[in-house]
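First comes the structure, then the notes that go with it.
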Amino acid sequence: MCLDLYGQVYVETDMRAYMNPTRMEVIRMATEKLVRKAQSLCPSCQLPGFDVVALQEGLPCSLCHTPTHSILYLVKGCTHCGHFQYDYFPKQQQTAGPETCPRCNP
């Protein structure tokens, strides 16, 4: 009917968050992350927001021990008092697989 009246029709996706399940999921995940950050208190000043401020690559390769691009540790910090600490990540993993190594798998 619209095509008969106007000669053309333009259709687009409704991207409003409440109409888009994909956007609703992203908003849900962002909200959960924000709540976790608000609940994370700085060990020094006890203010909320103590969270990851940097990542350090360099987890050694399990085959040749060359540093890889895999995460060696996280740096968590407080934007209020400047306190920071290193959090080795992932805790159970001491080496990276050779498939992630720039020397074993160039």
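Picking from residues in the range 19-60 that are within 26 Å of Leu72 (Cα to Cα) and charged (D, E, K, R), the one that is surrounded by the most Cβ atoms within 10 Å (Cβ to Cβ) is Asp51.
Would it be correct to say that Tyr10 is among the aromatic types (Phe, Trp, Tyr), loosely packed, with under 10 Cβ neighbours inside 10 Å and part of a helix (DSSP H, G or I)? Answer is no for this residue. For the residues Asp51, Asp4, the requirement of being modelled with pLDDT under 90 and among the acidic types (Asp, Glu) singles out Asp4. Within the range 19-39, is even one residue polar (S, T, N, Q), modelled with pLDDT of 95 or more and out of contact with any Ser or Thr (no Cβ under 8 Å at 6 or more places or on another chain)? Yes, the range 19-39 contains at least one residue that is polar (S, T, N, Q), modelled with pLDDT of 95 or more and out of contact with any Ser or Thr (no Cβ under 8 Å at 6 or more places or on another chain). Selection of first residues in the range 17-39 that are assigned to a loop (DSSP other than H, G, I, E, B) and of second residues that are at pLDDT below 90, restricted to Cβ pairs under 7 Å at least 6 apart or on distinct chains, gives the following pairs, ordered by first then second residue: Asn20/Asp14.
The values are calculated or read from the model by the stated rules, or taken from the named source; none is laboratory data. Just so you know, these numbers come straight off a predicted model, no measurement behind them. Heads up, the Cβs are rebuilt from the backbone with ideal geometry, glycines too, and the neighbour counts pull from every protein chain shown.
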